[in-house]
2 protein chains.
Amino acid sequence: MNTRFSMSTAGLLLTLFASAQAAEHSVAYPEGYRTWLHAKSMLIQPGHALENPFQGLHHVYANKKAESGLKSGKYQDGSVLVFDLLQYQEKDKTIQEGERKLLGVMQKDSKKYAATGGWGFEGFAGNSKTERLVKDGGTSCFACHASEQKTDYVFSQYRP
Amino acid sequence: MNTRFSMSTAGLLLTLFASAQAAEHSVAYPEGYRTWLHAKSMLIQPGHALENPFQGLHHVYANKKAESGLKSGKYQDGSVLVFDLLQYQEKDKTIQEGERKLLGVMQKDSKKYAATGGWGFEGFAGNSKTERLVKDGGTSCFACHASEQKTDYVFSQYRP
């Protein structure tokens with residue numbers, strides 16, 4: 001009995017592990033985001049609390065559904081926000097864009113991602129569409145976004 | 001005869017003046033540009049040669065026709081590029097977007113604007129759609145853009 005129980009438990013754990021992995025990897029690379037609405041930009045300098053990994057110049061892009069969310073503060077399922085983080089160079093009294101550091105993605109699915117405010121979080125390294133950076137199912141991302149409950153856990157706000 | 005000649009000359013000059021004014025004011029406010037392709041961004045600091053009036057954080061947007069131009073370096077008539085210049089605030093190890101300073105517009109019409117490289121230039125003050133800033137038909141704008149002849153007088157280049 002113990003052996004059978006252990007085998008079942010192992011099977012169950014494997015199943016749970018597989019579905020946890022599936023959930024973790026279920027946020028899609030946001031194809032075409034460069035033509036989406038550019039919501040806003042911000043530069044994070046060395047010494048900022050989020051320096052690692054967010055130091056750089058970031059642009060935030062929103063798909064059509066997320067456009068409405070930016071204006072209303074309430075996001076429907078299917079909304080996707082992209083945090084496009086670039087390195088920058090400071091020279092000759094300018095700050096210019098450099099290489100891409102990472103691409104952060106928030107994808108809304110209120111049931112699937114109920115544990116993290118209805119949002120799936122993912123990061124893609126550099127220009128990769130497959131090298132994923134989020135290893136904890138988005139828990140640490142959400143820990144920071146949780147402060148923004150009144151705008152559905154989104155930091156960015158619409159500006160004309 | 002002299003009088004008639006002078007009257008004709010005056011009439012001609014008035015006509016030329018009127019059409020020069022029309023040409024100067026013919027670049028349309030770029031309605032909807034905030035949803036166009038965000039091509040790139042750059043920050044110009046105090047002390048830069050273009051500080052007045054371009055100090056600030058600017059974003060460049062391209063309409064569909066200008067998207068092709070950014071990739072090919074050759075712009076078809078109807079291409080429009082927008083230079084959206086915002087003030088910025090530096091605080092707590094971040095640089096954040098502020099109010100809009102001005103909106104620069106380049107509109108391609110190779111015949112109409114033949115004297116300035118095929119581009120009509122205009123600026124709109126702050127968030128105004130009617131307060132126009134270019135007073136010389138774009139001559140001074142073009143004087144600077146003339147250096148970029150190999151990319152059809154456009155400074156911005158496409159980045160993925």
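The values are calculated or read from the model by the stated rules, or taken from the named source; none is laboratory data. Source: prediction; values computed, not measured. Note that each Cβ is placed from the backbone with ideal geometry, even for glycine, and that neighbours are counted across all protein chains shown. To get the accessible areas, we keep the full protein, side chains included, count just its heavy atoms, and leave off ligands, DNA and RNA. Shrake-Rupley method; radii C 1.70, N 1.55, O 1.52, S 1.80 Å.
Structure data summary
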item	result
Whole-percent carbon and sulfur share, accessible surface of segment A:44-160, 1.4 Å	51
Inter-centroid distance (Cα atoms) of segment B:43-110 relative to segment A:84-104, Å	16
Cut-off 14 Å between beta-carbons: net charge of the residues surrounding residue B:82, Lys and Arg +1, Asp and Glu -1	+4
Amide H partners (placed H, <5 Å) of residue B:86, local residues excluded	B:57, B:58, B:59, B:101
Theoretical FRET efficiency, 1/(1+(r/R0)^6), r = Cβ-Cβ of residue B:128 and residue A:148, R0 30 Å, to 0.05	0.40
Accessible area buried at the B-A interface, both sides summed, 1.4 Å probe (Å², nearest 100)	2500
Three-way shape call for segment A:86-159 based on the alpha-carbon gyration tensor, with the a/c threshold at 1.5	oblate
Chain A, rotation onto B, residue closest to that axis via Cβ, with its distance in Å	A:38, 2
Cross-link pairs beyond the 18 Å C-alpha cut-off, checked among B:64/B:108; A:64/B:108; A:74/B:91	A:64/B:108; A:74/B:91
For residue B:50, inter-copy label distances in nm, listed shortest first [label point 7 Å out on the Cα-Cβ vector]	2.8
